[in-house]
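In what follows, a single structure is set out as structure tokens and then discussed.
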Amino acid sequence: MTDIAAHIIKHKKPIVIVFMILTVISAIAQFFVTVNYNMSDYMPEDTQSTQAIEIMKEEFDRSLENAKVMIRDMSVQEALLYKQLLGEIDGVSDLVWLDEVIDLKIPLEMAEKDLVESYYKENNALFSLTIQEGEEVAVTNAIYDLIGEENSMIGAAVDTAVSQSMAFSESLYAGLLLVPLIILILVLSTTSWVEPVLFLTAIGVSVIINLGTNIFVGDVSFVTQSVSPILQLAVSLDYAVFLLHAFSDYRKKTDSPEEAMRLAIKKSFPAISASAATTFFGFMALTFMQFEIGSDLGINLLKGIVLSFISVMVFLPALTVLLYKWIDRTQHKPLLPSVKGIGKGVMKVRILSLLLVFLIIVPSYLAQKETSFIYGMGEQPETTRLGNDVAAIDEVFGKSTPIVLLVPKGDVAREVELEQELKKVAHVTSVISYNQAVSSAIPPEYLDKSITEQFHSENYSQIILFTNTDVEGDVAFNVVETVQEIAAAYYGDAVFSLGESVSLYDMKTTILKDNTIVNILTVVGIAIVLLITFKSISIPVILLLTIQASVWINLAPPYFAGTPLVFIGYLVVSTVQLAATVDYAILFTENYLENRKKMSAKEAIVKTLNEKTFSISISAAILSGVGFILWITSSNPIVGSIGLLIGRGALLAFIMVLFFLPAVLVLFDKFVGKTTLKANFFKEDN
């Protein structure tokens, strides 16, 4: 590291210029990165619903409906006119209303009541349609212009449009809150007005380069776009703090800024490397998820951690040596009071801390295992246009969630028998198919193609079920399971099902498998890094217990409150919190082990608490602030959930490291000494 540090300092100007050029190029490139808001695109290709979507596109040349429009106070003729106007909007296809499923020349009173009221009820018309992928914002805006405020529109495409419309404004709002907050925390924690600027410049450069290099990935998920830059900033800001604090210390020992930086790089490299490695391996676990939103975020965060590490170890030293005079000129007195007396206070309550944690750790572990989850986007509040529209349509037509079955074509008798059995399934309100809408007695070849093509393709017949359940939840998923079991009894593996509830059911099955794999890989990866870093058997266990306990406590409140948790948020945070906050425990324990070589366990803990509480609190304040700002500013339930869990988790991890970890280290001091290679603990009788 000494030779590398010398080369960095020698070539400081070219290094700064290269990084600035890369930053400018990346800042431009990021505007050409596509953001994907469609969660179904991230499902594994071998899942049943994904295969069904592809068959639907190939066989019927259409996609499943992703929007519904309700027009109030309409006669049948007026509704047909609105249907024509909706169909003329670019990006709208597969528009279906009552005229597609029954002959309107026949009085409505003579048609099947449930079928009619699926589309036309109390003079309100409900249209089903497909909005072209990638055109959600433009098409929904055009539909809103047509239908006005008094009418309603809902569906997956509308969810996507809302998320897209809010993404830029929310990111801007989050940035406007976040940057001043971080600057304030850094100003309060340093003794130079310029140092916070250097911190943010070093990490900001790596964040922008990470965003720009996504152009080589192709596209990124909306979760990655919203969460990754802010998480990268919050998690890796510590690296810059470690380096510049070491540089500040060596400035007091040598008159040469170059020599001080060379020594700072050498000294801080092990701590920064260990911190980056634990975070790296924690995020790597996400890349093993089958549900590819997790792997998309994991790859982006891995790239970000590597770029932040390079920026701090190469760009920041070069920039600091160039601008060290500005640091000297802008020195100021510490703005926060000293926390030197905290060590004795913490040690006085160590028994209480241990008892309290051991009392709540088991209930928290059990509670977070029993939490109910939301696998989709969750519900929008009724204060929003979308939330109000959902309530309005549900009030008139009730909940109506379609499930589409694609069965092999040809055996009409089997189809009719299946349809009759499906009608008896609880929560199925209606079944629409060729046999039900036309007649099994009329051969399809005698009818116009426009009538038959929506029900029959070359190889498949389409059966559409409408249920009165939500798109997800125990009831909805039970209906999906029942329908699939009945269909499989008739057609085996040759039948396919699709629909929003089917996709979410498959998502649930996939994610539950991912959860076990990701958690095991995260713990194992971080444990290996800790084992190598501390050359100890006991310390990795103690540190992982400390942070994992904070994760369990963080994830328990939704169970006790009886509120479901967005599962993507749960899965990401259970990994991110462990990977990001274990740094606090590493920094504390490294300092404690050094002090323990010179003094007793209690004295070493008190000294470590007095020396490291401040720096750990700054890191926790930044990560926690980032999380809470994401929670406050995001209308996207997934992003908001991740933000709340990260904000609360960082605070809990800080509290555990401050109170629980010292108590455990003192309690198991002898065991730690015996199970740590070359511990060389101080013995009072020496």
* Being within 19 Å of the chain's Cα centre (by Cα) and either over 26 Å from Ser641 (Cβ atoms) or surrounded by fewer than 22 Cβ atoms within 10 Å (Cβ to Cβ) (or both), is that true of even one residue in the range 488-503? -> no
* **Residues being more than 40 Å from the chain's Cα centre (by Cα) and modelled with pLDDT of 80 or more - total across the range 436-460** => 1
* **Selection within the range 544-587 - free of Cβ contacts under 8 Å to residues at least 24 places away in the same chain and of a type in the set (A, V, I, L, M)** => Ala561
* Before we move on, is Ile629 assigned to a helix (DSSP H, G or I) and over 30 Å from Ala679 (Cβ atoms)? -> yes
* Only one residue in Leu81, Leu129, Leu98 is more than 39 Å from the chain's Cα centre (by Cα), surrounded by 21 or more Cβ atoms within 10 Å (Cβ to Cβ) and not assigned by TED's automatic domain parsing to the domain that holds Thr401. Which one? -> Leu98
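Those residues that are among the polar types (S, T, N, Q) and in a helix (DSSP H, G or I), I need them from the range 42-71; list them, please.
Taking the range 42-71 and keeping what is among the polar types (S, T, N, Q), we get 47-51, 63, 66.
Across the range 42-71, the qualifying residues are Gln48, Ser49, Thr50, Gln51.
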* Filtered residue count, the range 485-507, keeping only those that are in a helix (DSSP H, G or I), in contact (Cβ under 8 Å) with a residue 24 or more places away in the chain and more than 21 Å from Leu115 (Cα to Cα) -> 11
* For the range 17-65, enumerate the residues that are without any contact (Cβ under 8 Å) to a residue 24 or more places away in the chain and crowded, with 17+ Cβ neighbours inside 10 Å. => none
* To do: Could you please tell me which pairs satisfy a Cβ distance under 7 Å, a separation of 6+ or placement on different chains, a first residue in the range 411-430 that is on the phi > 0 side of the Ramachandran plot, and a second residue that is at pLDDT 90 or above and part of a helix (DSSP H, G or I)?
  => His427/Val475; His427/Val479
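The values are calculated or read from the model by the stated rules, or taken from the named source; none is laboratory data. Because the structure is predicted, anything quoted here is derived from the model rather than measured. Ideal geometry is used to build each Cβ from the backbone, glycine not excepted, and the neighbour counts take in all protein chains shown.
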